[in-house]
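Colleague: Have a look at the structure that comes next, please.
Values in this text are rule-based calculations from the coordinates and carry no lab data. What you see is a predicted model; the values in this text were computed from it and never measured. No Cβ is skipped: glycine too gets one built from the backbone with ideal geometry, and neighbour counts run over all protein chains shown.
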Amino acid sequence: MVKTPNIYTLVKGASEGHTRLNAFDKALLNANVGDTNLMRMSSILPPAAEQVDVSEITLPKGGLIPLAYATIDSTTPGQLISASIAVGIPEDDREPGVIMEFEDHAPLTNVEEIVRQMVVDGFEYRNRKLKEIKSLGIEHKVERCGSVFAAAVLWYK
Amino acid sequence: MVKTPNIYTLVKGASEGHTRLNAFDKALLNANVGDTNLMRMSSILPPAAEQVDVSEITLPKGGLIPLAYATIDSTTPGQLISASIAVGIPEDDREPGVIMEFEDHAPLTNVEEIVRQMVVDGFEYRNRKLKEIKSLGIEHKVERCGSVFAAAVLWYK
Amino acid sequence: MVKTPNIYTLVKGASEGHTRLNAFDKALLNANVGDTNLMRMSSILPPAAEQVDVSEITLPKGGLIPLAYATIDSTTPGQLISASIAVGIPEDDREPGVIMEFEDHAPLTNVEEIVRQMVVDGFEYRNRKLKEIKSLGIEHKVERCGSVFAAAVLWYK
């Protein structure tokens with residue numbers, strides 16, 4: 001059984017690349033998580049997990065890192081792409097928080113508004129009191145082949 | 001290296017939601033696995049893993065939980081969506097079992113029949129003797145934005 | 001926290017099956033990783049990881065195995081499908097390598113050329129010196145329902 005993470009960091013990145021996977025890889029590097037093995041999961045914040053800045057943690061090179069993320073790519077020049085992540089923190093820190101991710105061919109303001117509302121909904125149907133929402137996102141205008149990425153990375157202190 | 005799980009539970013859920021991800025999140029809550037971080041994987045039952053009821057295990061809030069699942073969503077009012085999971089148990093309990101997942105815009109009877117046949121096939125081309133198949137599924141008629149989910153959750157006792 | 005893997009093996013497989021998931025399952029068996037639980041991740045080679053042959057490692061039955069993979073399936077008789085994986089090894093073995101995966105409805109020569117170039121790119125924009133590229137791939141002509149799979153499996157010695 002894998003130990004439950006106790007810290008998290010919100011990160012974002014955007015990039016062009018020669019292929020869709022290279023653009024995604026460069027977006028990860030831009031977000032400072034590019035030399036790790038990301039394990040995507042459905043998205044709950046462990047109770048009382050502490051937020052840290054990505055600069056405060058040292059992810060092992062090639063290490064297996066759990067995270068929740070939004071991503072979208074496009075090869076249509078001039079198209080807007082946006083990805084956003086939002087974390088809802090509960091009033092009672094013995095309860096877990098809710099992480100939501102959303103991405104679209106749309107301006108970030110729209111995408112971030114939607115992902116924040118998704119967190120509000122997630123607390124409402126859990127009957128859990130919401131203390132605050134933290135969100136982060138990124139918008140990119142595609143040149144030839146672009147990718148955006150926004151994530152809540154879970155880790156250990 | 002992550003320890004190999006030794007128990008499993010079959011769960012299912014369905015829900016409407018304001019967005020596709022919220023509908024999925026509520027389907028997970030309906031299945032009693034909604035406050036965890038689900039790590040999806042390709043789908044083998046460890047040898048001699050014991051079946052338990054979901055009520056018998058306490059998944060850590062926000063914990064990293066390995067599982068195999070079927071899911072499908074739809075925003076077409078009136079459409080049927082079904083997800084089903086099947087587990088084939090081998091005669092020789094030193095051998096692993098096979099987990100199959102299937103989902104479609106179709107009645108559950110069709111979907112569950114297919115997923116059970118997939119398990120039969122999986123044993124046939126492994127030349128492994130099949131003792132029994134356990135399956136579970138769920139059907140939902142979409143109102144506005146619906147999601148169904150059926151899973152084999154792997155865990156530890 | 002999951003321990004960072006220190007060995008890797010490149011594997012490939014192809015198969016027909018009665019369903020897409022059965023074809024994929026048989027392709028995994030063909031690649032000698034079919035009775036495990038594969039956890040897909042974004043794709044970095046841990047520093048100084050050693051290459052081994054798949055026959056040299058014993059993956060636990062039903063065990064949770066981290067890997068990066070390319071896969072594609074098709075139900076169009078006569079169509080070519082190819083999947084290829086490439087690993088870039090850095091000159092400085094304190095640095096991580098880069099794993100790229102690519103798949104297409106195309107001959108393997110095209111697909112493998114692209115995935116190798118993706119590794120070259122991945123080193124270039126990292127400003128990291130590339131020592132060599134190892135790649136492996138597989139091509140299959142679909143009869144009724146076919147799947148191909150090429151992977152870099154990470155593990156421990």
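Colleague: Counting only other residues whose beta carbon sits under 13 Å from that of C:Lys157, what net charge do I get with K and R as +1, D and E as -1?
Modeller: Cβ neighbours under 13 Å give a net charge of -2.
Colleague: Where the only charges are on Cβ atoms (+1 Lys, Arg; -1 Asp, Glu), what is the dipole of region A:1-93 about its Cα centre, to the nearest 20 debye?
Modeller: The dipole of region A:1-93 has a size of about 420 debye.
Colleague: Now for a separate question. Divide by every residue of chain A the summed helix terms, -39500 (n - 2.57) for each DSSP H run of at least 4, and state the resulting mean residue ellipticity at 222 nm, rounded to the nearest 500 deg cm²/dmol.
Modeller: Taking each H run of at least 4 residues, the total per residue is -6000 deg cm²/dmol.
Colleague: Right, here's the next one. Percent relative contact order of region B:17-66, based on C-alpha pairs within less than 8 angstrom and at least six residues apart?
Modeller: 41
Colleague: Right, something else. List, in order, the whole-Hz ³J(HN,Hα) value for each residue of region C:71-76 obtained from phi through the Karplus relation with A = 6.51, B = -1.76, C = 1.60 and θ = phi - 60°; use x for Gly and Pro.
Modeller: Couplings: 8, 8, 10, 7, 10, 9 Hz.
Colleague: Across the residues of A:46-52, average count of Cβ atoms on other protein chains within 10 Å?
Modeller: Neighbouring Cβ atoms belonging to other protein chains average 2 per residue here.
Colleague: Another question about this same structure. Please identify every one of the GluC sites (Glu not before Pro) in region A:103-157 that sits in a loop by DSSP and has no more than 14 other beta carbons within 10 Å of its own beta carbon.
Modeller: Filter output for region A:103-157: A:Glu143.
Colleague: Within 10 Å of each Cβ of B:21-28, how many other protein chain Cβ atoms are there on average?
Modeller: Averaged over the peptide's residues, the number is 5.
Colleague: With the Cα gyration tensor of region A:50-100 giving a ≥ b ≥ c as the square roots of its eigenvalues, does the rule (a/c under 1.5 for rounded; else a/b larger than b/c for prolate; else oblate) give rounded, prolate or oblate?
Modeller: oblate
Colleague: With Cβ to Cβ distances under 14 Å as the rule, what net charge do the other residues near B:Leu45 carry (K, R +1; D, E -1)?
Modeller: Residues near B:Leu45 contribute -3 overall.
Colleague: Let me ask something else. Once fully extended, how much extra length lies between C:Asn127 and C:Arg20, figured as 0.36 nm per residue of separation less the alpha-carbon to alpha-carbon distance?
Modeller: 34.5 nm
Colleague: If you don't mind, another one. Within region C:7-51, which trypsin sites (Lys or Arg not before Pro) sit in a loop by DSSP and count at most 13 neighbouring Cβ atoms inside 10 Å?
Modeller: Here no loop site has a sparse enough neighbourhood.
Colleague: Counting alpha carbon pairs within less than 8 Å and at least 6 residues apart, what relative contact order, in whole percent, applies to chain B?
Modeller: Computed value for chain B: 35 percent relative contact order.
Colleague: Next question. Report the residue, chosen from A:Leu64, A:Leu136, A:Leu29, that carries the largest GNM mean-square fluctuation when chain A is represented by alpha-carbon nodes joined by springs under 10 Å.
Modeller: Sorting by GNM fluctuation, first place goes to A:Leu64.
Colleague: Between copies, how far apart are the A:Pro107 label points? List them in nm, one decimal, shortest first, with each point 7 Å from Cα toward Cβ, please?
Modeller: 4.9, 4.9
Colleague: While we're on this one: Along Cα→Cβ at 7 Å, what distances in nm separate the C:Tyr125 label point from those on the other copies, shortest first?
Modeller: With the label placed 7 Å along Cα→Cβ, C:Tyr125 yields 3.7, 3.7 nm.
Colleague: In whole Å, largest first, what are the principal axis extents of the Cα atoms in chain A?
Modeller: Result for chain A: principal-axis Cα extents of 46, 35, 24 Å.
Colleague: Using a 10 Å cut-off on Cβ atoms, rank the peptides B:51-58, A:75-82 from the highest mean neighbour count down.
Modeller: Taking the mean over residues of other Cβ atoms within 10 Å, the ranking is A:75-82, B:51-58.
Colleague: A further question follows. With a point put 7 Å past each Cα toward its Cβ, work out how far B:Asn6 is from B:Val120 in nm, to one decimal.
Modeller: Using points 7 Å along Cα→Cβ, the separation is 3.4 nm.
Colleague: Taking every Cα atom in the protein assembly as shown, find the radius of gyration and the maximum pairwise distance Dmax, and write them in Å.
Modeller: Expressed in Å, the Cα Rg and Dmax of the protein assembly as shown come to 21.5, 59.
Colleague: Set the bar at 20 Å for Cα to Cα. Now go through B:Lys3/B:Lys157; A:Lys129/B:Lys12; B:Lys134/C:Lys12 and name every pair that lies beyond it.
Modeller: Cα-Cα > 20 Å for A:Lys129/B:Lys12; B:Lys134/C:Lys12; rest within.
Colleague: Run the reach check for A:Lys131 against aspartates and glutamates, Cα to Cα strictly under 16 Å, same-chain hits fewer than 8 apart removed. What comes back?
Modeller: The qualifying aspartates and glutamates are A:Glu50, A:Glu91, A:Asp92, A:Asp93, A:Glu95, A:Asp121.
Colleague: Work through the residues other than B:Gln79 whose Cβ is under 14 Å from its Cβ and net out their charges, Lys, Arg +1 and Asp, Glu -1.
Modeller: That works out to -3.
Colleague: Charges at C-beta only: +1 for Lys and Arg, -1 for Asp and Glu. How large is the resulting dipole of the protein assembly as shown about its Cα centre, in Debye rounded to 20?
Modeller: 640
Colleague: Return the average number of partner chain Cβ atoms within 10 angstrom of each residue Cβ along peptide C:29-41.
Modeller: Per-residue shielding by partner chains comes out at 6.
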